[in-house]
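Each reported figure results from applying straightforward, stated rules to the coordinates on display, with no laboratory input. Since the model is a prediction, treat every value here as computed from it, not as a measurement. Methodologically, a virtual Cβ is constructed for each residue, glycine included, from the backbone with ideal geometry; neighbour enumeration extends over all protein chains shown.
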Amino acid sequence: MNLIIDVGNTRIKIAVFKKGKLIHSESITKENIVFKVVELINKFECSNAIISSVGKITKLQITKIHSVINLIELTSETKIPFINKYSTPKTLGMDRVALVSAAVTLFPNKNVLVIDAGTCITYDYIDINACYYGGAISPGIQMRYKSLNKFTENLPLLEPKYTNQFIGESTDSCIHTGVVKGTISEIDSFVDYYRKKNKDLTVVLTGGDTKFLANRLKNSIFANPIFLLEGLNAILTYNLQ
């Protein structure tokens with residue numbers, strides 16, 4: 001059994017994989033991460049683990065996890081199942097490394113565009129030769145709402161809400177139209193661009209806003225909210241071979 005720990009910007013996910021299949025996952029807090037690791041090790045008899053962190057976790061917590069299980073810390077030096085042609089590989093987020101690893105593992109010999117709609121929206125392109133080139137980063141939906149409130153005097157902070165309007169008739173509806181319609185248009189535009197460059201392109205949508213966005217995009221996609229966890233498991237398996 002493999003134990004997967006993903007420390008994100010806004011939450012921590014912990015999961016267990018058996019022979020490449022997800023059998024358990026949950027969100028936890030930073031404070032109880034060591035307790036949950038020990039609990040799942042005992043419950044599922046996990047023998048190997050990987051941790052990816054773009055958020056904050058203490059060295060002491062990592063040391064404690066190391067003491068109870070064979071642990072790989074995902075860094076720019078970790079062996080990965082793709083060819084990294086990113087010009088600044090040491091600055092590439094570990095979440096994006098995991099997503100690309102999932103793409104080459106689950107869609108081998110395919111051109112793949114992975115869209116991760118979370119705190120930020122990231123776009124990552126991998127070609128049929130498992131070469132990764134990069135992509136784009138833009139603000140996520142929640143960040144767009146919050147920035148309108150934070151950097152202006154009078155605009156309210158709203159919860160995400162889908163609208164069919166292209167012409168907002170109130171301040172609230174203008175914000176929803178700008179943020180949500182703008183995000184959808186952005187994503188569709190990126191997919192259109194990559195599809196023009198690659199007639200055979202697989203597009204994967206993942207991240208916290210997958211459910212909110214999936215049925216509202218004009219382009220055909222694979223919606224997979226656990227894609228990052230699958231990528232971390234792929235990296236762990238690759239390093240255990």
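Side notes on the structure shown:
- Amide H contacts of residue 48: 3, each under 5 Å away and 5 or more positions distant or on a separate chain (H built 1.01 Å from N in the peptide plane; Pro and chain starts excluded).
- A Förster distance of 41 Å, applied to the separation of the beta-carbon atoms of residue 64 and residue 88, puts the FRET efficiency at 0.80.
- Under 14 Å from residue 161, Cα to Cα: aspartates and glutamates that are on another chain or at least 8 residues apart: 172, 209
- Of 30/211; 36/211; 56/79; 21/85; 110/196, those spanning more than 18 Å from alpha-carbon to alpha-carbon: 30/211; 36/211; 56/79; 21/85
- Helical segments meeting 15 Å axial Cα length and Kyte-Doolittle -0.5 threshold in the chain (DSSP H): 33-44, 94-106, 227-240
- Extension gain, residue 73 to residue 192: 0.36 nm times the residue separation minus the Cα-Cα distance gives 39.3 nm.
- Applying D = kT/(6 pi eta Rh) to segment 25-98, where Rh is the Kirkwood radius over alpha-carbon pairs, T corresponds to 4 °C and eta to 1.567 mPa s, the Stokes-Einstein value obtained is 94 µm²/s.
- DSSP bridge pairs, segment 75-241: antiparallel proportion in percent, nearest 5: 55 percent
- Taking a ≥ b ≥ c as the square roots of the eigenvalues of the Cα gyration tensor, segment 168-217 is oblate, since a/c reaches 1.5 or more and a/b is not larger than b/c.
- The mean of 1/r over all pairs of different alpha-carbon atoms in segment 37-157, once inverted, gives a Kirkwood hydrodynamic radius of 16.9 Å.
- Working from Cα pairs under 8 Å separated by at least six residues, relative contact order for the chain is 19 percent.
- The modelled label-to-label distance for the pair residue 142/residue 32, using points 7 Å beyond Cα in the direction of Cβ, is 1.9 nm.
- The length gained by stretching the chain between residue 56 and residue 211 to full extension, at 0.36 nm per residue less their Cα-Cα distance, is 53.2 nm.
- The slack in the chain from residue 22 to residue 150, taken as 0.36 nm per residue of separation less the alpha-carbon distance, amounts to 42.2 nm.
- 3J(HN,Hα) along segment 75-82, derived from phi through the Karplus expression 6.51 cos²θ - 1.76 cosθ + 1.60 where θ = phi - 60°, amounts to 9, 5, 9, 5, 5, 10, x, 8 Hz, with x in place of Gly and Pro.
- Relative contact order of segment 1-73: 35 percent, from C-alpha pairs under 8 Å at least 6 residues apart in sequence.
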